[in-house]
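What follows is a set of notes on a single structure, which appears directly below.
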Amino acid sequence: MNPGAPTISELIAQERRLTLAHFGYDDAYALGGLLVTLARERHAPVAIDIRRGGQQMFHAALPGSSADNDAWIDRKRRVVERYGESSYLVGTRFRAKGTTFEDSSRLDPDVYAAHGGSFPIAVEGAGVIGAVTVSGLPQAEDHALVVEALERFTAGPQA
């Protein structure tokens with residue numbers, strides 16, 4: 001594991017801490033807008049996507065991003081949908097076993113990517129209902145940007 005990279009227990013703790021009381025359309029817009037603001041402040045060339053179930057609730061593509069980022073979003077989001085955990089946590093679990101997701105998951109790497117940047121939207125009493133995903137930075141930074149936005153979002157008046 002990379003020095004300074006979050007441990008499995010730290011990643012699990014993030015997911016538990018960032019479980020939401022509710023998540024609707026206005027929440028998706030607020031969280032998406034917060035992500036856009038954070039990314040613009042950093043001149044981050046990212047695409048941002050928020051989905052609940054099969055519905056895309058928010059999408060933004062910032063300068064420097066490309067259609068390739070949208071493809072990464074889809075692949076990372078599918079990992080969250082399948083495992084119910086962040087794409088970074090899933091990939092980290094495989095690396096901790098001395099292997100990779102691509103080598104050991106038996107899933108098509110053209111369809112699934114266990115790279116950081118997709119985080120489950122979990123609601124109290126309902127479990128994982130969707131995912132918020134960022135693509136365009138190194139995987140640890142994609143993940144950290146989503147976590148930072150969720151931390152600010154949960155601390156705000158909509159929490």
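The values are calculated or read from the model by the stated rules, or taken from the named source; none is laboratory data. As the structure is a prediction and not an experimental result, all values here were calculated from the model. Ideal geometry is used to build each Cβ from the backbone, glycine not excepted, and the neighbour counts take in all protein chains shown. Keep in mind that these areas ignore ligands, DNA and RNA; they rest on the heavy atoms of the full protein, side chains included. Shrake-Rupley method; radii C 1.70, N 1.55, O 1.52, S 1.80 Å.
Below are the figures for this structure:
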quantity	calculated
Test: residue 62 is more than 14 Å from the chain's Cα centre (by Cα), among the hydrophobic types (A, V, I, L, M, F, W, C) and open to solvent by less than 30 Å² (accessible area, probe 1.4 Å)	yes
Flag for residue 43 being open to solvent by 70 Å² or more (accessible area, probe 1.4 Å), of a type outside the set (S, T, N, Q) and either in contact with a helix residue (DSSP H, G or I) (Cβ under 7 Å, 6 or more places away or on another chain) or under 15 Å from residue 131 (Cα atoms) (or both)	no
Subset of the range 76-134 [part of a helix (DSSP H, G or I) and open to solvent by 40 Å² or more (accessible area, probe 1.4 Å)]	78, 81, 82, 83, 93, 95, 96, 102, 103, 104
Enumeration of residues in the range 21-32 that are free of Cβ contacts under 8 Å to residues at least 60 places away in the same chain and open to solvent by 30 Å² or more (accessible area, probe 1.4 Å)	25, 29
Output for the range 118-159, where each listed residue is touching a helix residue (DSSP H, G or I) at 6+ places or on another chain (Cβ under 7 Å) and charged (D, E, K, R)	148, 152
The range 1-20, residues that are modelled with pLDDT under 95, hydrophobic (A, V, I, L, M, F, W, C) and either assigned to a helix (DSSP H, G or I) or open to solvent by 50 Å² or more (accessible area, probe 1.4 Å) (or both)	1
Residue list for the range 135-159, filter: modelled with pLDDT of 95 or more, open to solvent by less than 30 Å² (accessible area, probe 1.4 Å) and not aromatic (Phe, Trp, Tyr)	135, 142, 143, 145, 146, 147, 149, 150
